[in-house]
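Remarks on the structure that follows.
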Amino acid sequence: MKKIFSYNILLGFGVLLFNASCGGGSNEVDKKEELKDVVTTAVDSTSVPANNNETSLYSLPSPMQIATILKKAGLKYYPGLTNPTDNLNKYNNGNTVNKTLIMGVYLSDLSYCILNKQNQESKNYFKTCSQLSESIGLANAFQGNNVPARLEKNMSNGDSVSNIMSEIQMQSDNVLEENKQEYISVIAFTGAWIESMYIGTQVHAKEKNTNVSTNIIEQMGIAENIIKALKANSSKDADITVLLQDMNTLNDMYNNFKSVKEIKAADPDVIDPAKITISIDELLGFSKKIEEIRTKIIKG
């Protein structure tokens, strides 16, 4: 039997939205345990296909999970950090990989706005995602069953938003599996991950919040699984190769952080995120590379 192939772009939305709205009271032990769970899921749950009838499953957390962790660490909302919805028109002539990356970027922006209770901006970003979905074959998932009207009406209701987003996810998974385009999900997630890291580093630059910087770097544990998934699907589209090169560059930077090298020297198989420390220069270089890759993506 073929495995269901999902990169969880939107799954778990309701629980995470609730946690984010109550996140101010979390203690450090809770934060570390939550972070440990997410990073462990990202790094350790790679499944190898047993035969040609199965699809590789790389378990990746959703943009909402990443955004929630960063928000609990102090990721405040700043207008102007997200990719403007007005940019949508310039992506009309882009290739499939670029359009899918942009979808991921806008999904991350949507998550950022929802978690910070920016209802009007959330509506704008959902509308943009809905419009973009037409060009990558997911229009029915975003526009069917009266989804846009229901979401606009219930934007302030976390449970309703959770149900609607889960519905979109299931519909998207079904469409991609039927069309043998499951690789679209990992490209969208990569775009969402890069946008989340960009927003995180920009907020840190404004506030110099050490909790934010620590959580940003801890998310690099996800990068290796992104790279594995991109490699597994690189034959589907030549443009995935360029994206893979950018992700490898970021991963190489992470692996060359002084504390990461020291941790890996002691035990190459286990990276304890709580032990990772970074210098100002390391974080600056990482931030610049994230911004460079993100800029390339949103230029179209």
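One table, with the values for the structure above:
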| item | result |
| --- | --- |
| Test set (1) surrounded by fewer than 16 Cβ atoms within 10 Å (Cβ to Cβ); (2) within 22 Å of Val260 (Cα to Cα) - Met247 fails condition number | (1) |
| Options Ile263, Ile298, Ile293; residue that is in a helix (DSSP H, G or I), β-branched (Val, Ile, Thr) and modelled with pLDDT under 90 | Ile263 |
| Evaluation of Ile222 against (1) assigned to a helix (DSSP H, G or I); (2) surrounded by fewer than 18 Cβ atoms within 10 Å (Cβ to Cβ); (3) modelled with pLDDT under 85 (one fails), failing number | (2) |
| Where a residue in the range 195-210 is closer than 17 Å to Asp246 by Cα and assigned to a helix (DSSP H, G or I) and its partner, wherever it lies, is of a type outside the set (A, V, I, L, M, F, W, C) and at pLDDT below 85, with Cβ under 7 Å and at least six apart | Ser196/Pro63; Met197/Gln219 |
| In the range 269-290, the residues that are part of a loop (DSSP other than H, G, I, E, B) and either among the small types (Gly, Ala, Ser) or closer than 29 Å to Val242 by Cβ (or both) | Ile271, Ile276, Ile278, Ser279 |
| Filtered residue count, the range 246-267, keeping only those that are more than 20 Å from Leu283 (Cα to Cα) and either under 18 Å from the mean Cα position of the chain (by Cα) or of a type in the set (Lys, Arg) (or both) | 0 |
| Complete set of residues in the range 119-138 that are buried (at least 19 other Cβ atoms within 10 Å of the Cβ) and either outside any helix (DSSP H, G or I) or β-branched (Val, Ile, Thr) (or both) | Thr128, Ile136, Leu138 |
| Only one of Leu81, Leu60, Leu88, Leu75 that is at pLDDT 90 or above and part of a loop (DSSP other than H, G, I, E, B) | Leu81 |
| Residues satisfying the stated conditions in the range 154-188, i.e. outside any helix (DSSP H, G or I) and of a type in the set (S, T, N, Q) | Asn154, Ser156, Asn157, Asn179, Gln181 |
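The values are calculated or read from the model by the stated rules, or taken from the named source; none is laboratory data. The model shown is predicted, which means the values in this text are computed figures rather than measured ones. Counting neighbours? That spans all protein chains shown, and the Cβs are built from the backbone with ideal geometry, glycine included.
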